[in-house]
1. Considering only residues that are among the polar types (S, T, N, Q), part of a strand (DSSP E or B) and open to solvent by 20 Å² or more (accessible area, probe 1.4 Å), which ones fall in the stretch A:39-57?
2. Condition first: over 24 Å from B:Pro111 (Cβ atoms), of a type in the set (S, T, N, Q) and within 14 Å of another protein chain (Cβ to nearest Cβ). Now tell me which residues in the stretch B:38-58 satisfy that.
3. Determine if the stretch B:19-37 includes at least one residue that is modelled with pLDDT under 95, more than 14 Å from chain A (Cβ to nearest Cβ), open to solvent by 60 Å² or more (accessible area, probe 1.4 Å) and out of contact with any His (no Cβ under 6 Å at 6 or more places or on another chain).
4. Taking the condition in a strand (DSSP E or B), free of Cβ contacts under 8 Å to residues at least 40 places away in the same chain and among the hydrophobic types (A, V, I, L, M, F, W, C), does A:Phe60 pass?
5. Just give me the residues in the stretch B:32-45 being in a strand (DSSP E or B) and in contact (Cβ under 8 Å) with a residue 40 or more places away in the chain, in sequence order.
6. Do any residues in the stretch A:70-82 that are in contact (Cβ under 8 Å) with a residue 60 or more places away in the chain and part of a loop (DSSP other than H, G, I, E, B) have Cβ atoms under 8 Å from those of residues that are open to solvent by 30 Å² or more (accessible area, probe 1.4 Å) and of a type outside the set (D, E, K, R), where the two are at least six apart or on different chains, and which pairs are they?
Amino acid sequence: DAGVTQSPTHLIKTRGQQVTLRCSPKSGHDTVSWYQQALGQGPQFIFQYYEEEERQRGNFPDRFSGHQFPNYSSELNVNALLLGDSALYLCASSLTFWTGAGANVLTFGAGSRLTVL
Amino acid sequence: KQEVTQIPAALSVPEGENLVLNCSFTDSAIYNLQWFRQDPGKGLTSLLLIQSSQREQTSGRLNASLDKSSGRSTLYIAASQPGDSATYLCAGGNRDDKIIFGKGTRLHILP
């Protein structure tokens, strides 16, 4: 059973460019969350998708957007890249029960390391 | 607003010692508390999850406790091994399913 898969694993962009990161959740999971982890810091919550809608959002600008597809996979898009966007981007999947309260047992992917020059 | 703090930021101990990693959180309305392990440049591996109604969880040489009243959690590692060297992150989950992470403790086990 494949866990959470993310692509690409590494990428380099220049300031002002746009980037798309992809995530396939663990089989049976329906909720995808994205996190940004700067060097030496803990992961910061970007947003969460459930039923193809953004359910929650952290303190990130509108340059960060996402999408969830009917097969539960997700994309993270970042426009107008800044040097400060260089980080490890982690995708985590989970299963949301019918009550709407998350199971909170997150399964993380290995991440996509973005370097902005 | 939930804030999670981990102390110490880094720790080095000789192999075989028992050790405790500390985590504190500001919002006692925590839904659960998770401990993760992260190897350099890698993703996160969930170690233990403690629901708000529980006080501790154990897995092998690991034991995690949760004290909501004091806003603290500890991760106890028994008989440490060089393979335990990694960064350990704790994360508080609120009912809205948002997970807030601490900055982690970098653990180095000396052979």
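The values are calculated or read from the model by the stated rules, or taken from the named source; none is laboratory data. Values in this document were obtained by computation on a predicted structure and should not be read as measured data. As a convention, Cβ positions derive from the backbone with ideal geometry for all residues, glycine included, and neighbour counts pool all protein chains shown. Each accessible area value is taken on the protein alone, full model and side chains, heavy atoms only, with ligands, DNA and RNA left out. Shrake-Rupley method; radii C 1.70, N 1.55, O 1.52, S 1.80 Å.
1. A:Gln44, A:Gln56
2. B:Ser46, B:Gln51, B:Ser52, B:Ser53, B:Gln54, B:Gln57
3. Yes, because at least one residue in the stretch B:19-37 is modelled with pLDDT under 95, more than 14 Å from chain A (Cβ to nearest Cβ), open to solvent by 60 Å² or more (accessible area, probe 1.4 Å) and out of contact with any His (no Cβ under 6 Å at 6 or more places or on another chain).
4. Here the answer is no, as A:Phe60 does not meet what is asked.
5. B:Asn32, B:Leu33, B:Gln34, B:Trp35, B:Phe36, B:Arg37, B:Gln38, B:Leu44 - these are the residues of the stretch B:32-45 that are in a strand (DSSP E or B) and in contact (Cβ under 8 Å) with a residue 40 or more places away in the chain.
6. Hits for this filter: A:Asn79/A:Gln18; A:Asn79/A:Ser65; A:Ala80/A:Gly16; A:Ala80/A:Gln18; A:Leu81/A:Thr14; A:Leu81/A:Gly16; A:Leu81/A:Gln17; A:Leu81/A:Gln18.
Yes or no, residue by residue, for (1) touching a residue at least 60 places away in the same chain (Cβ under 8 Å); (2) surrounded by fewer than 18 Cβ atoms within 10 Å (Cβ to Cβ); (3) closer than 30 Å to A:Pro8 by Cβ:
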residue	(1), (2), (3)
B:Leu47	no, no, yes
B:Ser59	no, yes, no
B:Arg72	no, yes, no
B:Leu75	no, no, no
B:Thr87	no, no, yes
B:Ala91	yes, no, yes
B:Gly102	yes, no, yes
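Here's the yes/no breakdown for (1) under 10 Å from the mean Cα position of the chain (by Cα); (2) not in a strand (DSSP E or B):
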{"residue": "B:Leu49", "(1), (2)": "yes, no"}
{"residue": "B:Gln54", "(1), (2)": "no, yes"}
{"residue": "B:Gln57", "(1), (2)": "no, no"}
{"residue": "B:Thr87", "(1), (2)": "yes, no"}
{"residue": "B:His108", "(1), (2)": "no, no"}
